[in-house]
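Just passing along the structure, written as structure tokens.
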Amino acid sequence: MLNKYDVMCILGNGAAHEVLTEAGVDSADLLIAYTPMDELNILCCMVAKKLGAKDSIARVRTPEYFTLFQGKELGLSMLVNPEYETALGIARLLRHSAVISIEPFADGQVELAEIKVSPESGLDGIMLKDLQAQFIQKFLVCIVLRKEQTIIPDGNLTLIQGDRIYLTASKNDMSPLLAKLTEDRWCRRLMIIGGNRVAYYLAQELEKSSVDVKIIEINPDKCRRLSQLLHKPNIILGDGTNQELLLEEDIDSMDAVVCQCGLDEQNIILAMYAHSLNVKRVVANVDKADYYKMLQNTEVDSVVSTKRYTADQIVRYVRDKHGRSGINKLSSIIGDKAEAVEFTVENDFGALNIPLKNIKTIPNLLLAAIIRNKVTIIPSGDDYLQQGDRVLVVTTSRGLSNLNSILD
């Protein structure tokens with residue numbers, strides 16, 4: 001790590017008093033404990049807090065620990081559970097079979113959805129300024145990915161087949177909008193290949209709904225554990241990479257398949273196989289950055305990354321807590337080529353109550369939504385920002401420090 005990154009490395013036990021003191025934890029604004037052991041991460045944060053660290057973040061993956069330590073005053077400023085966040089992300093994808101990705105903002109009032117311009121969508125050859133007139137729902141196309149080019153569009157852009165577009169709309173408008181733009185439908189039958197923690201959290205989340213969940217896991221101990229923790233899902237002991245088993249378990253009749261094996265390569269191959277059987281929604285968990293980028297323009301459309309969800313959480317916390325930026329949520333999109341950032345408008349914003357058409361912002365930036373008193377506004381040039389608003393900003397510029405940094 002020392003040779004690859006511009007960091008100072010110290011060899012030793014991260015929970016040891018001497019090691020933390022040598023690292024200067026007493027003057028640290030933030031400590032992040034991200035070892036593979038939950039107990040060590042929790043202990044490290046507690047010791048660091050006693051030694052003077054202002055804030056601490058611990059990765060806690062074990063379901064019992066995550067539930068136990070949430071909201072407790074144990075020196076932990078924040079718990080990060082990568083598998084839980086990944087499961088919530090996948091659950092959102094399963095709500096819409098035709099979206100590639102979907103992210104909620106403003107406590108779920110606004111959603112940012114990614115779809116592909118296909119022959120069936122009716123979007124091919126449509127100019128963006130003519131698109132809104134065809135729909136009752138208010139929405140905004142805020143990013144277009146065309147081959148390797150990331151575009152913050154204006155109304156004169158014409159969509160073409162193969163484009164991947166990101167659009168914002170209120171949560172109430174998103175479902176009927178997607179139903180008109182795509183062949184969108186709710187998932188009723190789900191197969192999860194791999195019984196890891198993501199599978200557990202996802203199945204637990206879906207127990208609240210009417211989704212029929214089937215989990216295939218090769219490890220007998222994991223199967224027994226899942227059977228004890230979960231009530232509704234059907235737990236199958238077997239090799240999820242075995243084609244005969246998958247066909248016996250009706251993979252070809254599933255509404256969705258989630259590939260959660262331990263290896264990225266297995267997840268990719270299984271996702272491609274499920275796609276070849278015309279499964280409508282296929283989700284693969286791929287953490288290796290190079291693989292993630294390579295899959296952007298393949299038939300494996302929906303790729304999630306546990307590491308990416310975790311990084312977004314930590315970066316958002318650091319920017320908001322230590323940068324005084326007013327960031328409510330940050331999400332990296334298009335393989336880190338762009339960001340969607342939700343700000344709260346403070347009284348020091350330099351363009352309060354000025355029509356958006358009269359505000360000069362930095363290049364490659366778009367105000368995608370305004371939330372005012374729980375009402376979602378898809379902005380036009382005559383709209384404005386006032387104190388207390390929440391605003392969703394989409395940009396290819398990285399590292400916005402606060403809302404004023406959008407101004408040119």
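No value in this document is a laboratory result; all are computed from the given coordinates. Just so we're clear, the structure is a prediction, and the values are computed from it rather than from any experiment. Positions of Cβ are backbone-derived with ideal geometry, glycine not excepted, and every protein chain shown enters the neighbour counts.
Counting Lys and Arg as +1 and Asp and Glu as -1, what is the net charge of the other residues whose Cβ lies under 9 Å from the Cβ of Thr376?
Within the 9 Å Cβ shell, the charges total +3.
Rounded to whole Å, give me the distance from the Cα center of region 345-408 to that of region 124-176.
Cα centres, region 345-408 to region 124-176: 19 Å.
With a 10 Å radius around each residue's Cβ, average the other Cβ atoms per peptide and rank 81-92, 245-256, 267-278, 354-365, highest first.
81-92, 267-278, 245-256, 354-365
How big is region 315-406 on each of its three principal axes, counting only the C-alpha atoms and giving the largest first in Å?
32, 25, 23
What Kirkwood radius, in Å to one decimal, follows from the Cα pairs of the chain?
23.0 Å
Then there is this: What list of ³J(HN,Hα) couplings, whole Hz, do you get for region 143-149 from phi and the Karplus terms 6.51, -1.76, 1.60, once you set θ to phi - 60° and write x for glycine and proline?
Using θ = phi - 60°, the values come out as 9, 10, 9, 10, 6, 9, 9 Hz.
What fraction of the DSSP beta bridges in the chain is antiparallel, stated in percent and rounded to the nearest 5?
Counting DSSP beta bridges with both partners in the chain, the antiparallel share is about 60 percent.
Charges on Cβ only, +1 for Lys and Arg, -1 for Asp and Glu, centred on the Cα centroid of the chain; of Phe349, Asn81, Ser331, which one is farthest towards the dipole's positive end?
The listed residue farthest towards the positive side: Phe349.
Also: Once you've got the Cα coordinates, tell me which of Lys138/Lys374; Lys138/Lys180; Lys4/Lys49; Lys214/Lys280; Lys329/Lys360; Lys171/Lys374 are over 18 Å apart.
As for pairs spanning more than 18 Å Cα to Cα, those are Lys4/Lys49; Lys329/Lys360.
Work out Dmax and Rg for region 159-287 from the C-alpha atoms and quote the Rg first, both in angstrom.
Taking only Cα atoms of region 159-287, I get Rg and Dmax of 15.9, 51 Å.
Show me 58-67, 371-380, 97-106 ranked by packing, highest mean number of other Cβ atoms within 10 Å first.
97-106, 58-67, 371-380
Another question, if that's okay. What number in nm² do you get for region 213-319 if you take the convex hull of its Cα atoms and divide its surface by four?
Over every viewing direction, the Cα hull of region 213-319 projects on average to 8.2 nm².
Let's test the formula: R0 of 45 Å, r as the Cβ-Cβ distance of Tyr5 and Ala133. What FRET efficiency results, to the nearest 0.05?
Calculated transfer efficiency: 0.35.
OK, next. Kindly provide log₁₀ I(q)/I(0) values, in the same order as q = 0.17, 0.21, 0.24, 0.34 Å⁻¹, from the Debye equation applied to equal alpha-carbon scatterers of region 123-164.
So the normalised log intensities work out to -0.43, -0.65, -0.84, -1.34.
Moving on to the next point. Give the Rg/Rh ratio for region 1-69, taking Rg as the radius of gyration of the Cα atoms and Rh as the Kirkwood radius, to two decimals.
Using Cα coordinates only, the ratio equals 0.99.
Another one. Determine the dipole magnitude for region 202-295: charges of +1 sit on the beta-carbon of Lys and Arg, -1 on that of Asp and Glu, nothing else is charged, the reference point is the Cα centre, and the result goes in debye to the nearest 20.
340 debye
Moving to a separate point now. Among 126-137, 39-50, 222-233, 393-404, how do they line up by average Cβ neighbours within 10 Å per residue, starting with the highest?
39-50, 393-404, 222-233, 126-137
For region 92-181, with equal point scatterers placed on the C-alpha atoms only and solvent neglected, what are the log10 I(q)/I(0) values from the Debye formula at q = 0.15, 0.16, 0.18, 0.19 1/Å, to two decimals?
Log-scaled intensity ratios, in q order: -0.52, -0.59, -0.76, -0.85.
Quote the relative contact order of region 204-324 in percent (integer), defining contacts as alpha-carbon pairs under 8 Å separated by 6+ residues.
16 percent
If you rank Leu157, Leu181, Leu263 by fewest surrounding Cβ atoms within 10 Å, what's the result?
Listed from fewest to most nearby Cβ atoms, that is Leu263, Leu157, Leu181.
What does the charge dipole of the chain about its Cα centre add up to, to the nearest 20 debye, if the Cβ of each Lys and Arg holds +1 and the Cβ of each Asp and Glu holds -1?
660 debye
Still on this model: Taking the Cα centre of region 74-131 as origin, sum charge times position over the Cβ atoms of Lys and Arg (+1) and Asp and Glu (-1), and report the length of that vector in debye to the nearest 20.
That gives region 74-131 a dipole magnitude of about 40 debye.
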